[in-house]
Amino acid sequence: MIERISPMIATRILPCAAGLALAAGTFSVPLAHGAELDCLIEPYVVVNVSAPVDGLVERVEVDRGDVVEEGQVLAVLESSVQQATLAIARARAEMDTSIEAGKVRLDYSIRKVANNEKLLQEGGISEREVDEARAQRDLNVIAIVEAQENKRLAELDMKRAEAELGIRTIRSPINGVVMERLLSAMEQMKQTPIVKLAQLDPLRVEVFAPIALLGKIAVGMTVQVRPEAPVGGAYPARVTVVDRVVDAASGTFGVRLELPNPGNRLPAGLKCRIVFSQ
């Protein structure tokens, strides 16, 4: 025998990570104007920021509670060796002496071939000497191509050195706030996060809805979110996810909403209630 749950209980189910210990059954609650459910306001995303390489932390630029922007420098690893490597690679990439010397030799060999061909017509030199001049001219052409290729390789090596230096500067991947600073200057980082960030605009609102509302809540639906006291107020949010798997133990399914939060005016972690506007 399946016990029915009253509409009052069905529309006031509290959210929790594991679901509620309610018996599975059928709810007879229509999605009417003013239907309310409990919810929880969470950060849109939480990120543990680390570097792709191990190293000694030279400095950390932010601390707990700081607001950061995407691309902002969070920390820098010690990089004296990488800086020296980049300086050498840049010097090699900027060297043009081999190419310029090759051009001078090529110009000379071209003139020599022209003179030898003229002397050959006059009978002043042998065909062998002309062939030797032509071969030297061709070798000088190849030498210039080789010098240009070496310069290209040096430029690529410089870019590699720049990349190796660049990854030792850790930047924020999101706009958000620093939840926690996990490392400080002069600490050794070995695949350890340096800071934990939270994106607060937009916010995520997590709801566990009774199974009676399955099929009645759709992506794109507008919902009023009412944070708990002392924050209060009502804020419009949009349904972005409706779970297709029901938790049999609690008779609920998950719903996720996106709540715009310009200026981070609302903190994350608040309990709330949602009111369907249709």
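The values are calculated or read from the model by the stated rules, or taken from the named source; none is laboratory data. Just so it is clear, the structure is predicted and the values come from calculations on it, not from any experiment. Note: ideal-geometry Cβ built from the backbone for every residue, glycine included; neighbour counts use all protein chains shown.
If you go through the stretch 162-178 and keep only what is surrounded by fewer than 18 Cβ atoms within 10 Å (Cβ to Cβ) and either farther than 19 Å from SER80 by Cβ or of a type in the set (Asp, Glu) (or both), you end up with GLU162, GLU164, ARG171, PRO173, ASN175.
Residue by residue, here is whether (1) under 43 Å from the mean Cα position of the chain (by Cα); (2) acidic (Asp, Glu); (3) not in a helix (DSSP H, G or I) holds:
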position	(1), (2), (3)
ALA101	no, no, no
LEU106	no, no, no
VAL113	no, no, no
ILE125	no, no, yes
GLU132	no, yes, no
ILE144	yes, no, no
GLU149	yes, yes, no
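For every residue, the table says whether it meets (1) of a type in the set (S, T, N, Q); (2) surrounded by 15 or more Cβ atoms within 10 Å (Cβ to Cβ); (3) at positive phi; (4) touching an Asp or Glu at 6+ places or on another chain (Cβ under 8 Å).
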site: LEU203; (1), (2), (3), (4): no, yes, no, yes
site: LEU213; (1), (2), (3), (4): no, yes, no, no
site: THR222; (1), (2), (3), (4): yes, no, no, no
site: GLY232; (1), (2), (3), (4): no, no, yes, no
site: VAL241; (1), (2), (3), (4): no, no, no, no
site: GLY263; (1), (2), (3), (4): no, no, yes, yes
site: LEU270; (1), (2), (3), (4): no, yes, no, yes
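Would you be able to tell me the number of residues in the stretch 210-254 that are over 12 Å from ARG273 (Cβ atoms) and in contact (Cβ under 8 Å) with a residue 60 or more places away in the chain? So the answer is 12. Just wondering, is there one or more residues in the stretch 180-200 that are at pLDDT below 90, assigned to a strand (DSSP E or B) and of a type outside the set (Lys, Arg)? Yes, there is a match, as at least one residue in the stretch 180-200 is at pLDDT below 90, assigned to a strand (DSSP E or B) and of a type outside the set (Lys, Arg).
Looking only at residues of the stretch 249-261 that are surrounded by fewer than 20 Cβ atoms within 10 Å (Cβ to Cβ) and either aliphatic (A, V, I, L, M) or under 26 Å from the mean Cα position of the chain (by Cα) (or both), we find that the one that is modelled with the lowest pLDDT is ALA249. Would you call ALA154 in contact (Cβ under 8 Å) with a residue 60 or more places away in the chain, over 20 Å from SER79 (Cα atoms) and assigned to a helix (DSSP H, G or I)? Yes: the conditions hold for ALA154. Restricting the stretch 54-70 to residues that are loosely packed, with under 14 Cβ neighbours inside 10 Å and closer than 23 Å to MET186 by Cα, the residue that is nearest to the chain's Cα centre (by Cα) is ASP54.
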